[in-house]
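S.K.: Would you mind keeping the following structure in view while I ask a few things?
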Amino acid sequence: MPPACTRDSPVVAPGETLGISAPDALCNPGHGEDALVRVELVDARQQVLPTRLAPMSDAGSFAIGLRVPAGTTPGAYGIAGMPDRLDSCGDTGRNNRLGSAGTGIEGSAQARASWAMPRVGFRVAK
């Protein structure tokens with residue numbers, strides 16, 4: 001599993017920015033120097049609200065600010081971060097996109113492996 005993201009505050013007001021970050025993965029995923037992370041803000045019905053792409057290190061760490069839309073209804077929400085168009089370490093302890101024999105392609109052209117996306121909760125309050 002990729003490291004779960006963390007948020008800088010458990011509560012944020014509509015229109016404010018929530019700081020979101022994650023440490024390096026423990027499995028040396030080898031995402032590459034141009035890797036991006038997709039960070040999603042999700043409501044209680046699992047509907048994705050804003051999504052933001054941001055730079056991510058080769059080892060998977062990132063830190064960004066995600067603005068909570070001004071009209072967001074107070075309540076419980078979640079955030080998640082995942083490599084954009086790249087495999088994660090999954091449960092193998094290594095990057096599944098490196099050294100894929102028989103595909104004829106290498107790198108980020110591979111499809112992402114399936115894994116459960118960890119979410120971190122927070123509240124929107126006025």
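The values are calculated or read from the model by the stated rules, or taken from the named source; none is laboratory data. What you see is a predicted model, and the numbers here were worked out from it, not measured in a lab. All Cβ positions, glycine included, derive from the backbone under ideal geometry; neighbour counts span all protein chains shown. What goes into the accessible areas is simple: the full protein's heavy atoms, side chains included, and nothing from ligands, DNA or RNA. Shrake-Rupley method; radii C 1.70, N 1.55, O 1.52, S 1.80 Å.
S.K.: Can you tell which of ALA44, ALA70, ALA22, ALA4 is among the aliphatic types (A, V, I, L, M), open to solvent by 70 Å² or more (accessible area, probe 1.4 Å) and closer than 27 Å to ALA125 by Cα?
M.R.: On inspection, the qualifying residue turns out to be ALA44.
S.K.: If you go through segment 25-41 one residue at a time, how many are open to solvent by 20 Å² or more (accessible area, probe 1.4 Å) and either part of a strand (DSSP E or B) or touching a strand residue (DSSP E or B) at 6+ places or on another chain (Cβ under 7 Å) (or both)?
M.R.: Total meeting the criteria: 3.
S.K.: Looking only at residues that are aliphatic (A, V, I, L, M) and farther than 17 Å from VAL120 by Cβ in segment 47-67, which one is nearest to the chain's Cα centre (by Cα)?
M.R.: LEU53
The rows are residues; the columns are (1) modelled with pLDDT under 85; (2) closer than 19 Å to ALA4 by Cα.
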{"site": "GLN47", "(1), (2)": "no, no"}
{"site": "THR51", "(1), (2)": "no, yes"}
{"site": "SER57", "(1), (2)": "no, yes"}
{"site": "PHE62", "(1), (2)": "no, yes"}
{"site": "ALA70", "(1), (2)": "no, no"}
{"site": "ALA76", "(1), (2)": "no, yes"}
{"site": "MET82", "(1), (2)": "yes, yes"}
{"site": "ASN95", "(1), (2)": "yes, yes"}
{"site": "ALA101", "(1), (2)": "yes, no"}
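S.K.: A follow-up question, please. Looking at (1) open to solvent by less than 40 Å² (accessible area, probe 1.4 Å); (2) within 16 Å of ARG119 (Cα to Cα), find the lone condition where PRO14 falls short.
M.R.: Failing condition for PRO14: (2).
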